[in-house]
Amino acid sequence: MIINECNELKTTEEAKMYLEMGKCLNSTYFYDISRKTDKTNVDLLEVIARFGLEPVTSLRFGLSGKEQENNTSFGHMILCTDSKGNKVKARNCFSSSEAERMERSVAFAANNSIQTPKILARDGQVIILEYIDGENPEGVLPLEDIRLIAEAHAEMEIPLPELESKTAEKLHKLISEALLKLREYLPEATVEPLEKALIEKFPTKIYPVFDHQDNGVHNILKGKDGQYWFIDEEAFGVLPFGYTLERALFGNGGHTICKNDSQREVYMSCFTPEQIDYYIKTREFWKMLLVARSSARALEYKEVDRALGLINEA
């Protein structure tokens, strides 16, 4: 089977229409803590064979660009070649609905000149994507590289004010789901102060934007041409401005883009004064939200000590 270009959305207006319909509103990692409950079992190797693709290796090709253990289960990718020898990557999403959201989001990104791999084809929950030859940035990045990444991030922040009420609803849902997960494992004395802070510091105004929810060095590639590309394409979606800026500046564990104050100063200089003013005024909320989400995710894997560490540090 020959891979054809997918039916990309023709205009930004049409792409926004899909967003407004909620097709891409659920940026999966951010809004659905328990998305694994919706997963569908699919043999990724069987699907790529139907596309006429050959796996370059039986090893999994991870988001970091490194080969990992032999595993073709949910959420994994395999590096393949097509009949002409071109490299592509096959991504196994958790469900067809997640794949559809990803397809629409990536089309929206492409229509707005955001540097991310194109979707070439889709079969249910399996998506075939363009392969970008590049490397993840490592260590403490030069300030010029920080500026290039920040400029690309700032340009991605497409405002979608008509989705404010829906995004606020999703935020409340995320908080409720996270607190519910925390209460399954942690004492009330630990959870209650975090809940109180989230309620008290919830912003009076939410600014929905198109963004990448898991913004970090593990999801950025520097191509051979020096351009920076955003990968982990399923993480695109509608998000409240401030959340991913907090992740880039302070809160994405070992994947945080900025490692020191000089880098943070350069990164923030790429956003408008109005955006920075809003972020500074609401920063404590985004910090607490990230703690709630990250600790709840840790508890999915029974990492109680890690969850407690995140909360106590905050």
**Fill in**
Label model pair GLU200, SER113: point-to-point distance (7 angstrom along the Cα→beta-carbon line) in nm is 4.5 nm
**Request:** Please compute the net charge surrounding LYS222, taking Lys and Arg as +1 and Asp and Glu as -1 over other residues with Cβ under 11 Å from its Cβ.
**Result:** -4
**Complete:** Plugging the Cβ-Cβ distance of GLU46 and LYS84 into 1/(1 + (r/R0)^6) at R0 = 22 Å yields, to the nearest 0.05, a FRET efficiency of 0.50
**Message:** Quick check: convex hull of the Cα atoms in segment 199-301, volume per residue, rounded to a whole Å³?
**Reply:** 127 Å³
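No value in this document is a laboratory result; all are computed from the given coordinates. Keep in mind it's a predicted model, so treat the numbers as computed, not measured. Quick reminder, even Gly has a Cβ in these numbers, built from the backbone with ideal geometry, and neighbours come from all protein chains shown.
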